[in-house]
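The next block holds one structure in the form of structure tokens; read it before the comments.
Derivation of every value follows stated rules applied to the coordinates shown; laboratory data play no part. From a predicted model like this one, the values you see are computed outputs, not experimental measurements. Counting neighbours? That spans all protein chains shown, and the Cβs are built from the backbone with ideal geometry, glycine included.
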């Protein structure tokens, strides 16, 4: 298995908070490589194309490198990211992939973990809190495999904002569809 890439550069976000920067580093541990085309609720990479219901107007889309798409909610400093990684981790289970994405989270406390149906596959949703570089956060991470690709959808926010924004990421997960993978 290839080593996990830890390069996440925010290309355009006015004065990012430490929380947002730390959470984006977590969210994009593995990039898909190549050009990514992002439209309203649709992402296309050289390996896959998927769609979802984007978050509401209070969420601002962010440009990122080594990931697919991210949204930022200024009122709560929450970040939602969607990412696909194809070929590199095709044999890993959602549990193993979740463990990789949570590497570096200190003082980890799992609040819940359950199998979920997403895009016709069984995935794993994990509700966890902890700290990344000393910044406390709460995350809802959903991971699944389909046709040689791994997909992850992550909500990361301050613990006090979690209940306010978790419904948004749950709606994205329930609307997520893989349209094509190569």
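Kindly evaluate residue 132 against the criterion of being under 30 Å from residue 47 (Cβ atoms) and in contact with a strand residue (DSSP E or B) (Cβ under 6 Å, 6 or more places away or on another chain). So residue 132 does not fit the description; no. Among the conditions (1) out of contact with any helix residue (DSSP H, G or I) (no Cβ under 9 Å at 6 or more places or on another chain); (2) more than 21 Å from residue 97 (Cβ to Cβ), the only one that residue 166 does not satisfy is (2). Could you check segment 103-114 and list, in sequence order, the residues that are in contact (Cβ under 8 Å) with a residue 12 or more places away in the chain and either in contact with a helix residue (DSSP H, G or I) (Cβ under 8 Å, 6 or more places away or on another chain) or in a strand (DSSP E or B) (or both)? 104, 105, 106, 107, 108, 109, 110, 111, 112, 113, listed by residue number.
Checked across segment 157-179, the condition of being in a strand (DSSP E or B) and either out of contact with any strand residue (DSSP E or B) (no Cβ under 8 Å at 6 or more places or on another chain) or over 27 Å from residue 77 (Cα atoms) (or both) holds for at least one residue. For segment 163-172, the set of residues classified as without any contact (Cβ under 8 Å) to a residue 60 or more places away in the chain and surrounded by 15 or more Cβ atoms within 10 Å (Cβ to Cβ) consists of 166, 170, listed by residue number. If we scan segment 148-161, do we find a residue that is more than 19 Å from residue 56 (Cα to Cα) and exposed (fewer than 14 other Cβ atoms within 10 Å of the Cβ)? Yes, the conditions are met somewhere in segment 148-161. Residues of segment 58-75 include at least one that is within 13 Å of the chain's Cα centre (by Cα), in a loop (DSSP other than H, G, I, E, B) and surrounded by 21 or more Cβ atoms within 10 Å (Cβ to Cβ).
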